[in-house]
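Student: One structure, as structure tokens, below. Some questions next.
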Amino acid sequence: MTIEKGLEILVMGGRPLEHDALLERLKAEGANVFEAADYAATLQFSQNRKLDLIVLIEPFQRVLPLREIIRTLRAKNTTTKLLVFSNNELPERVRAILIAGADGYVYKGEDVETILRAIDVVAKGDVWISRNLINALTSAPIPHSTDNLQGIDLTERERQVLNLIADGLSNAEIGTSLHLAQQTVRNYSSRIYEKLGVHTHAEAIVWAIENGLSQH
């Protein structure tokens, strides 16, 4: 796996061995990689430099819950993508992080090639959620009652796209499945987000899963 060269990536947290190994691999792939010791340093650095991606690797020292950290970083870095690495598979925790504004959630047990692919996909503006986390979300009890798609005026194509979003597919994978250009998928997705009242692909995944659309 080769990530796009020249990506500006800030990495915070993680145990030394996994942290150092990831940094070395990213640098070898041609990314411009920076480190932040903690949340305060991450926030300050991200305000002073335009970044493609911030990777938050648990564990790290924090003064706020991770969802609050994600909300703050998202509010202050509207174009920078946010990717969380964690061993925590609790559906309610994954759901909260994605709704807070994370663009991806990677299970730390993934192999290095999968991790690099996740970084590349999210940095380019798509979403990545590890398959075991999608499965955990779909198997968890729905946190609130729902009328599914009643009252939401979706076209047949938009419903097809939303069903694939619910299965955790990226825009590229949806395009391949439906034989559509990625930009066309993005256009459909934007209209779907507006109709659902969500703002990101990750939020749309959570909405769709909670409304029983996932096939997994």
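The values are calculated or read from the model by the stated rules, or taken from the named source; none is laboratory data. Everything numeric here is computed off the predicted structure, so don't read it as measured data. Cβ: placed from backbone, ideal geometry, glycine included. Neighbour counts: every protein chain shown.
Student: Any idea which residue in region 7-34 is nearest to D120 (Cα to Cα), counting only those that are within 21 Å of the chain's Cα centre (by Cα) and surrounded by fewer than 16 Cβ atoms within 10 Å (Cβ to Cβ)?
Tutor: N32
Student: Pairs please, first residue from region 37-63 and in contact (Cβ under 8 Å) with a residue 40 or more places away in the chain, second anywhere and part of a strand (DSSP E or B) and among the acidic types (D, E), Cβ atoms under 8 Å, 6+ apart in sequence or on different chains.
Tutor: Within 8 Å, the pairs are R49/E8; K50/E8; L51/E8; D52/E8; L53/E8.
Student: Looking at the structure I just gave you, is L82 under 17 Å from L43 (Cβ atoms) and modelled with pLDDT under 90?
Tutor: When the stated conditions are applied, L82 does not pass them.
Student: If you don't mind, another one. Considering region 200-216 alone, what residues qualify as being touching a helix residue (DSSP H, G or I) at 6+ places or on another chain (Cβ under 6 Å) and surrounded by fewer than 18 Cβ atoms within 10 Å (Cβ to Cβ)?
Tutor: Across region 200-216, the qualifying residue is only H216.
Student: Restricting attention to region 4-21, report how many residues are among the aliphatic types (A, V, I, L, M) and at pLDDT below 85.
Tutor: The qualifying residues number 2.
Student: Which is within 22 Å of T200 (Cα to Cα), modelled with pLDDT of 90 or more, not basic (K, R) and not assigned by TED's automatic domain parsing to the domain that holds A204, of V94, V55, V33?
Tutor: Result of the check over V94, V55, V33: V55.
Student: For region 102-127, which positions are within 12 Å of I205 (Cα to Cα) and at pLDDT below 90?
Tutor: Across region 102-127, the qualifying residue is only V127.
Student: Evaluate the following for A41: is it over 30 Å from I209 (Cβ atoms), modelled with pLDDT of 85 or more and out of contact with any strand residue (DSSP E or B) (no Cβ under 7 Å at 6 or more places or on another chain)?
Tutor: yes
Student: Six or more apart or on different chains, Cβ under 7 Å: which pairs go from a residue in region 97-112 that's of a type in the set (D, E) to one that's crowded, with 21+ Cβ neighbours inside 10 Å? Could you list them?
Tutor: So the pair list comes out as D103/K81; D103/L82; D103/L83; D103/V122; D103/V127; D103/A202; E110/S130.
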